[in-house]
Amino acid sequence: MICDLLIVGGEGDLAFRKLYLALYHLDKSQLLPDCLRVVGISRNPQSPEVFQGRLQASLVANLGESLDPVVSQRFCQRVTYRSVDAMNPESLGRLNDEEFCDRTRDLIVYLATPPSIFQRVCECLQSVGLVRPNTRVVVEKPLGHSRESFIDINRSLTSIFAESQVYRIDHYLGKETVQNLLVTRFANALFEPLWSNKYVDHVQITVAETVGVEDRWAFYEEAGALRDMMQNHLLQLLCLAAMEPPARFDASSVHDEKIKVLNSLKSIDRTNVLQNTVRGQYVAGAVAGEAVPGYLHEAGAKVRSTTETFVAIKAEIDNWRWARVPFYLRTGKRLGARYSEIVIQFRDVPHAIFPDQLAGNAPNKLVIRVQPDEGISLQLLNKVPGLEESMALQAVDLQLALSEAFTGKRVPDAYERLLFDVMLANQTRFMRADELEVAWRWVDQIVGGWQDTGQKSMPYMAGSFGPAESVALIAKDGRRWRENQPLF
Ligand code: BG6
């Protein structure tokens, strides 16, 4: 693994907040080969000293621990900044001659730029000889706004790179607990026999955020929660929770199973969108005791808008395993707590024999907590100790906190995992083009349904858990959302 990493957009927000930090951690964990070099480029002229100063400052600001002086020195020596216009063949050609003329080294090109310039950049990379059999290109969302725009963006990549060279990031796939979901399902004999409509009543997936739209109002206004979160992160979680066991844990086996799930999603369109989706938009309220403005009064807000900052969907998977098992999905900004979890609610026992065992109150649920308190909890009904003739029963949780089970083990950030995977040329935790295309097709139908029916975003107070309609969405099926309860 001898490689060079070229970050286009090398002094942007993503680079400073996530990429250099992840690389620093990989370096600290001794996972970077000694010869790995990182070259950040952008059009801004900037002296090496100024860039190095910004790099150090960003590491200090984002690290959450003090910089290790030895690692920091080693890491900063690997990183060079060059003022290069990636859309100008002359400028990029000079970079190629000066930095990347050794064609035996693998080259990773991370496009930390808006997708609107992918085409030009890729063409330039090709024209100056930076697209080689051992080049990999990394991109991440927003990969489109609709199926059609995704196809355009994707064409700009695949007209130049082979699919095996393209790494499309969904950072949720790099999270430890998301990876652990597959291990829980497929490395234990316990759950798989129960993992179907025979024993599962329904599944809930929640990704709740306390942040608002931050400084991205203009972007968010175009995207909304459906495109920003549901199309990618929540659908990927749904795929991992619902897919069939792959034959092997490798890229094509995993992608083949995920695409089957996406292809089996029942369409939600103008005929059923009102029954199966809820849109919400936050109004002023308080999050963690602090007053916050509504979406329409956030910095940068320009127009009256109906964009959803919350979405809840009752999704169904039309296949043998999941027929009649709803997957309730919800995500939103400015909610009462930040947490992501998957809840597998099992069915009730067929016949209650204990007097205290309320039929219709199915006790068994498996909660996979993605963040922040990563772990798993399994709720079981137990006898309360005592001599009473009629036994008292109570639901209790068997809990596995990652931080306790693996004391002293740091939970790496998703970008560490994913960057390391790109270096190892492992595409398993990335998205294949067909997955994105099918996910967009499903989302486009929902957007079309909203437009045709004029479905509005219902107001919800910042600091709540979304509009009352989202409670009704699940309550009309006789179920309710699991309230946020930190697991440990
Ligand atoms: C991004 C979205 O993909 O994921 C953001 O664009 C969102 O709007 C973020 O805040 C959430 O990621 P995480 O890792 O903080 O849950």
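Based on the Cβ-Cβ distance from SER47 to ALA189, what FRET efficiency comes out when R0 is 51 Å, to the nearest 0.05? Efficiency, from the Cβ-Cβ distance: 0.30. Built from the Cα atoms of the chain, the convex hull projects on average onto 25.4 nm², one quarter of its surface area.
By definition, a body whose alpha carbon gyration tensor gives a ≥ b ≥ c is oblate when a/c is 1.5 or more and a/b is not larger than b/c, and the stretch 285-356 fits this oblate description. If a spin label sat at a point 7 angstrom from the Cα of GLU123 along the line to its beta carbon, the backbone N atoms of the stretch 80-107 nearer than 12 Å would be those of 87-89.
Summarising the strand pairing of the chain, around 55 percent of its internal DSSP beta bridges are antiparallel. Along the axis of the charge dipole computed for the chain (Cβ charges of +1 for Lys and Arg, -1 for Asp and Glu, origin at the Cα centre), the listed residues GLN52, PRO114, GLY144 are led at the positive end by GLY144.
In a simple Cβ point-charge model (Lys, Arg +1; Asp, Glu -1; nothing else charged), the stretch 381-447 has a dipole of about 240 debye relative to its Cα centre.
For VAL287, the residues 5 or more places off, or on other chains, whose built amide H falls under 5 Å of its own are VAL292. Based on C-alpha pairs under 8 angstrom that are at least 6 apart in sequence, the stretch 378-480 has a relative contact order of 11 percent. From the square roots a ≥ b ≥ c of the eigenvalues of the alpha-carbon gyration tensor of the stretch 405-455, which class results: rounded (a/c under 1.5), prolate (a/b over b/c), or oblate? Oblate. For the stretch 242-326, chymotrypsin sites (Phe, Trp or Tyr not before Pro) meeting the loop criterion (DSSP other than H, G, I, E, B) and having at most 10 other Cβ atoms within 10 Å: TRP320. Less than 5 angstrom separates the built amide H of GLN46 from those of SER83, all sequence-distant by 5 or more or on a different chain.
Rounded to whole numbers, the Karplus 3J(HN,Hα) couplings from phi for the stretch 306-319 are 10, 3, 8, 9, 9, 9, 10, 9, 9, 9, 10, 10, 7, 8 Hz, using 6.51 cos²θ - 1.76 cosθ + 1.60 with θ = phi - 60°, and x at Gly and Pro. Put a plus charge on the Cβ of each Lys and Arg, a minus charge on the Cβ of each Asp and Glu, and nothing anywhere else: the dipole of the chain about its Cα centre is then about 480 debye. The HN-Hα couplings worked out from phi for the stretch 89-104 by the Karplus form 6.51 cos²θ - 1.76 cosθ + 1.60 (θ = phi - 60°) are x, 5, 5, 5, x, 4, 4, 4, 4, 7, 10, 10, 6, 7, 6, 7 Hz, whole numbers, x standing for Gly and Pro. For VAL325, the amide hydrogen comes within under 5 Å of the amide hydrogens of ILE317, counting only partners 5 or more places away or on other chains and with H modelled in the peptide plane. 3J(HN,Hα) along the stretch 30-35: 6, 9, 9, x, 3, 8 Hz, from the Karplus curve 6.51 cos²θ - 1.76 cosθ + 1.60 with θ = phi - 60°, whole Hz, x for Gly and Pro.
Just so you know, all these numbers are worked out from the coordinates, no wet-lab data involved. Everything quoted here is computed from the prediction, not taken from an experiment. Note: ideal-geometry Cβ built from the backbone for every residue, glycine included; neighbour counts use all protein chains shown.
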